[in-house]
Amino acid sequence: MDIPWTVTKTKLGAEPCRVLTVTTMEREIVDREIASMPACDCVVGIGGGQAIDYAKYFSWKRDIRLVTIPTVISVDAFVTPASGLRCKNDVIYVGTSTPDPLVIDYDVIRTAPRELNVAGIGDILSIHTATFDWELAASRGKSEYPFDEESIGRARQLLQSSVFDKIADIRGVTDDGLWSIVEGYMTINTICLPLGHYRVEEGSEHYLFYALEKKLKRSFIHGHIVGLGVYLMSRLQKNDFLRIDEVMNSVGLKYQPVDMGLSRRDVKEALQSLKQFVANRSDLWFTVIDDKNITEEWIETSLEGLSFAPEL
Ligand SMILES: [Zn+2]
């Protein structure tokens, strides 16, 4: 994969662009790096999610124009306003910045590995499990926000039109397939920004990923690990999981644990401790994880169709 990088241009114009390669997203270090850069009137983020998030943060800190040119669409960083940074082991979301313009160059994006662009559907597929979780929370009187059935309907419609109706295009990484993912992200924003939260797009499938990341102290390709979360949590929800499996397999999403170097024990232990993990995190919303028992029998059955990396 290309190294993500950002370019800054000074106000004087006579100076060449400053090029900054992103080597860390640790906020403390990023703050120091930004403080050491000269005055400038524009920051251009070119690359994957980290380069875009870095440029967004830079633009917010300095209150300067942001231009973003994603070279892969594996994550939705280029359409969300907040920047994902790290503070110790945790991901934090800071600031708001909107690109002007956001440049989508299909040929550039297609130079990224196909599987990374396909991974872009992860945060759209998650609507399947996240909307179920919000409905469940509302039915139990546990929704943290005013329940909004219309937003759920719009999110499901977008899942249908951006992913279910575009499987061949996404698999083939055609212009239509790539645009479908970009448009899907933008529509999620138009639903979620007025609501003030991303509950139609984030739920138990993301929480399993947080648990795995915390336990294993390593990062994952977002769309792949979210795909595994959708696979398992749609089973816990008893929520049309065979259809979702078929979509993920048809589109070629790499959601199998073996693709992410996860052993059977890694996934099993994460599921065994998942209820406790979410119970310890007061910032996480009510989902199927709180509502259902996660039994040994359910775990065994749910892991049957998955392929794992060998134990180390
Ligand atoms: Zn996500």
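Quick look at the values:
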item: First in segment 157-177 and over 18 Å from residue 127 (Cβ atoms), second anywhere and assigned to a loop (DSSP other than H, G, I, E, B), Cβ under 6 Å, 6 or more apart; result: 171/252; 173/110
item: Matching entry among 261, 227, 184, 223 (being assigned by TED's automatic domain parsing to the domain that holds residue 149 and at positive phi); result: 261
item: Matching option when the condition is away from the ligand (no atom under 13 Å from the Cβ), under 16 Å from residue 243 (Cβ atoms) and either out of contact with any His (no Cβ under 6 Å at 6 or more places or on another chain) or not in a helix (DSSP H, G or I) (or both), among 166, 142; result: 166
item: Residue satisfying all of: in segment 86-116; within 16 Å of the ligand (Cβ to nearest atom) and buried (at least 16 other Cβ atoms within 10 Å of the Cβ); modelled with the highest pLDDT among these; result: 116
item: Qualifying residue in segment 110-130 (condition: more than 23 Å from residue 48 (Cβ to Cβ), within 19 Å of the chain's Cα centre (by Cα) and not polar (S, T, N, Q)); result: yes
item: Selection from segment 21-42 of residues that are among the basic types (Lys, Arg) and free of Cβ contacts under 8 Å to residues at least 12 places away in the same chain; result: 32
item: Sole residue being in contact with a Leu (Cβ under 6 Å, 6 or more places away or on another chain), away from the ligand (no atom under 15 Å from the Cβ) and in the same structural domain as residue 158 (by TED's automatic domain parsing), chosen from 289, 244; result: 289
item: When residues of segment 204-234 are limited to those that are among the small types (Gly, Ala, Ser) and under 16 Å from residue 280 (Cα atoms), the one farthest from the ligand (Cβ to nearest atom); result: 211
item: Matching residues, segment 68-85, being under 22 Å from residue 196 (Cα atoms) and away from the ligand (no atom under 13 Å from the Cβ); result: 78, 81, 83, 85
item: Residue in segment 147-155 that is under 22 Å from residue 82 (Cβ atoms) and either in a loop (DSSP other than H, G, I, E, B) or at pLDDT below 95 (or both) present; result: yes
item: Number of positions in segment 270-300 that are in contact (Cβ under 8 Å) with a residue 40 or more places away in the chain and over 23 Å from the mean Cα position of the chain (by Cα); result: 4
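The values are calculated or read from the model by the stated rules, or taken from the named source; none is laboratory data. Nothing here was measured: the structure is a model prediction, and the numbers come from that model. All Cβ positions, glycine included, derive from the backbone under ideal geometry; neighbour counts span all protein chains shown.
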